[in-house]
Amino acid sequence: DILWCLGQEPGCEFFQPYRMHLEQDFLFVADTGNERIVQLSLNPRNLVKEWLPQDTSLSHPRSGVITPHQQLLIADTGNSRLLMIDEEGEVLWSFEAPHEIMSPFYAEMTIDNHILFVDKELHMVYEVDLEGEILWSFGKVLIAGDGPGELNAPGFAQKLNNNDILIAD
């Protein structure tokens, strides 16, 4: 049975919602078709806000994850970049390296303030610092495979407390 549904109400219609991120009593939804990240309250169930960057637009965002500093980290797939914005939409950080990012599908901030992200088209997982330096990577660029050290369109990665990285491929 469906217990509740949100996404059909005026002003809150979703078009191709992709990934959800639960943080306390809020649900962040990458509303990919509407080119936005929305924050929903779970109790009561309603739209809290749209997270949109100032002076730029999103293109097919695939994930929006709130950071420990209450900023939103966005995997902006259509623009081949990662963005971190504050509540007003000011872009605080971006990663748009020409050879290390093509189609980011998920990004999160690790406990050591690095950014871990997956790139589905490059078949790679990267960890970068806030200066944009690549600290770690896994996969073989543009090689989709299932052999040693290869990934095939990863969709999620998470750094665990013991520093291991869990990858959904």
Residue within the range 54-73 that is acidic (Asp, Glu) and under 30 Å from residue 143 (Cα atoms) present: no
Test: residue in the range 89-100 that is touching a helix residue (DSSP H, G or I) at 6+ places or on another chain (Cβ under 9 Å), under 25 Å from residue 71 (Cβ atoms) and either assigned to a loop (DSSP other than H, G, I, E, B) or open to solvent by 60 Å² or more (accessible area, probe 1.4 Å) (or both): yes
Residue satisfying condition, being within 21 Å of residue 23 (Cα to Cα), among the aliphatic types (A, V, I, L, M), in contact (Cβ under 8 Å) with a residue 40 or more places away in the chain and open to solvent by 50 Å² or more (accessible area, probe 1.4 Å), within set 111, 115, 165: 111
Filter result for the condition that a residue is modelled with pLDDT under 95 and not aliphatic (A, V, I, L, M), over 129, 112: 112
Residues satisfying the stated conditions in the range 50-86, i.e. open to solvent by less than 50 Å² (accessible area, probe 1.4 Å) and on the phi > 0 side of the Ramachandran plot: 80
Scan of the range 8-37 for residues that are surrounded by fewer than 17 Cβ atoms within 10 Å (Cβ to Cβ), within 15 Å of the chain's Cα centre (by Cα) and hydrophobic (A, V, I, L, M, F, W, C), ordered by number: 20, 22
Filter result (touching an Asp or Glu at 6+ places or on another chain (Cβ under 7 Å) and within 20 Å of residue 18 (Cβ to Cβ)) within the range 83-97: 83
Per-region count, the range 99-122, residues over 14 Å from the mean Cα position of the chain (by Cα) and under 18 Å from residue 61 (Cα atoms): 3
Enumeration of residues in the range 118-162 that are of a type outside the set (S, T, N, Q), surrounded by fewer than 18 Cβ atoms within 10 Å (Cβ to Cβ) and in a strand (DSSP E or B): 134, 135, 136, 144, 156
Residue count for the range 33-66, restricted to those that are among the β-branched types (Val, Ile, Thr), over 21 Å from residue 109 (Cα atoms) and not in a loop (DSSP other than H, G, I, E, B): 1
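The values are calculated or read from the model by the stated rules, or taken from the named source; none is laboratory data. The structure displayed is predicted, hence computed values, not measured ones. Here Cβ is always computed from backbone atoms with ideal geometry, including for glycine, and neighbour counts include all displayed protein chains. Surface areas here come from the heavy atoms of the whole protein model, side chains and all, with no ligands, DNA or RNA. Shrake-Rupley method; radii C 1.70, N 1.55, O 1.52, S 1.80 Å.
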